[in-house]
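Following: one structure in structure tokens, then a few remarks.
The values are calculated or read from the model by the stated rules, or taken from the named source; none is laboratory data. As the structure is a prediction and not an experimental result, all values here were calculated from the model. Ideal geometry is used to build each Cβ from the backbone, glycine not excepted, and the neighbour counts take in all protein chains shown.
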Amino acid sequence: MTTESASRPTTRTYLVVWVAMLAIVAVEIAVTYAHPSPGRQLAALLSLAVIEAAIALAYFMHLRYERAVLFWSLIPGVVFALLMLDQIWPDALRLITMHHGP
Amino acid sequence: MSQAALTLEPSPFGIQSKKLAMWLFIMADAATFGAILFGYGYLRVGTPDWSRPFALTPTIVNAAIMTFVLLSSSVTMLLAVAAAQAGRTASGVRWLGVTALLGTLFAGLHLREWFAMFHEGWSVSHNPLNGPVQFGATFFGITGLHLLHVITGVVAILVIAAGFRRGRFTAAHVETTGLYWHFVDLVWMFVFPMVYLMNAR
């Protein structure tokens, strides 16, 4: 990210990013078939998806090459909205406890 | 009206208004997909006998191929934008065509999978494994909303490609459409692990 618009990446950069993202997808599949516990699987897959999304935002959507003010005007608001949605998890865990017992 | 009133203030973001409008739409759409994925997560966590019906073949392999196709279409869209910005109209139109083709292939693979599931008895209100019916509702709801975005994107790309070829649209239109297409790709980066891999047997 820059304070002013910078020059755009090259085709080589795009191809490197494409290969890196395909590698992340391969890791996601490998993690799944290592059969971890559901909690560990969720944490691993979600972390990898966030890394992939950050790369897509930075390089595919060129956010890295736009003015910093664009990033700060857009991303924190969405992240805050998504964090606010996390209030549903205690109730979901209450439901599963009701089914299984304490 | 005075000359001073006619002078436009430069954008603090350094981008055209159409691109800023697309960014604002993408942020709103990200919140929509976030909400629907959180809703799915709530049901997934709160339901003890949640179905995990997806075998490696054909479902996970098919979804991995779809991921490859969509990621590749993002690269071809980037090449279309680069060509358009360099003034290479024919090349830009060609890459837009390849992107639309890959988007159509993704939609075709998706619909083939859907119809195979319908054939097995899956629907938004029926689970052939006698598990919770919410599985079908969330699966078809999330993937259906994403598929709608893909189909809309393919139509938009074709319209922009036709207009760009005739000189009616500019490289900025191609770039703005590209932003939307990359967002469709970005959403799939969450749908694939959360909806497919988390439900793999």
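For the residues A:Ala54, A:Ala30, the requirement of being modelled with pLDDT of 95 or more, more than 10 Å from every other protein chain (Cβ to nearest Cβ), surrounded by fewer than 17 Cβ atoms within 10 Å (Cβ to Cβ) and within 20 Å of the chain's Cα centre (by Cα) singles out A:Ala30. Those residues that are of a type in the set (Ser, Thr, Tyr) and either touching a Gly at 6+ places or on another chain (Cβ under 6 Å) or at pLDDT 95 or above (or both), I need them from region B:41-97; list them, please. Residues satisfying the conditions are B:Ser51, B:Thr59, B:Thr67, B:Ser72, B:Ser73, B:Ser74, B:Thr76, B:Thr89, B:Ser91. Scan region B:150-195 for residues that are under 14 Å from B:Leu102 (Cα atoms) and among the hydroxyl-bearing types (Ser, Thr, Tyr) and the total you get is 1.
Return yes when A:Ala81 is facing chain B (nearest Cβ under 9 Å), among the hydrophobic types (A, V, I, L, M, F, W, C), assigned to a helix (DSSP H, G or I) and closer than 25 Å to B:Leu79 by Cβ and no when it is not. It is false that A:Ala81 is facing chain B (nearest Cβ under 9 Å), among the hydrophobic types (A, V, I, L, M, F, W, C), assigned to a helix (DSSP H, G or I) and closer than 25 Å to B:Leu79 by Cβ. Can you say whether B:Met189 is surrounded by fewer than 23 Cβ atoms within 10 Å (Cβ to Cβ) and within 14 Å of chain A (Cβ to nearest Cβ), as far as the supplied structure shows? Answer is no for this residue. Checked against (1) modelled with pLDDT of 95 or more; (2) more than 30 Å from B:Leu56 (Cα to Cα), A:Arg12 passes all but condition (1). Screening region B:1-114 for helices (runs of 4 or more DSSP H) wholly inside it with 3 or more residues that are within 14 Å of chain A (Cβ to nearest Cβ) and surrounded by 15 or more Cβ atoms within 10 Å (Cβ to Cβ) returns the ranges B:17-46, B:61-85. Scan region A:86-102 and give yes if some residue there is within 19 Å of the chain's Cα centre (by Cα), surrounded by 16 or more Cβ atoms within 10 Å (Cβ to Cβ), at the interface with another protein chain (Cβ under 7 Å from one of its Cβ atoms) and not charged (D, E, K, R), otherwise no. There is no residue in region A:86-102 that is within 19 Å of the chain's Cα centre (by Cα), surrounded by 16 or more Cβ atoms within 10 Å (Cβ to Cβ), at the interface with another protein chain (Cβ under 7 Å from one of its Cβ atoms) and not charged (D, E, K, R).
The combined condition, being more than 10 Å from chain B (Cβ to nearest Cβ) and part of a helix (DSSP H, G or I), is fulfilled by A:Arg64.
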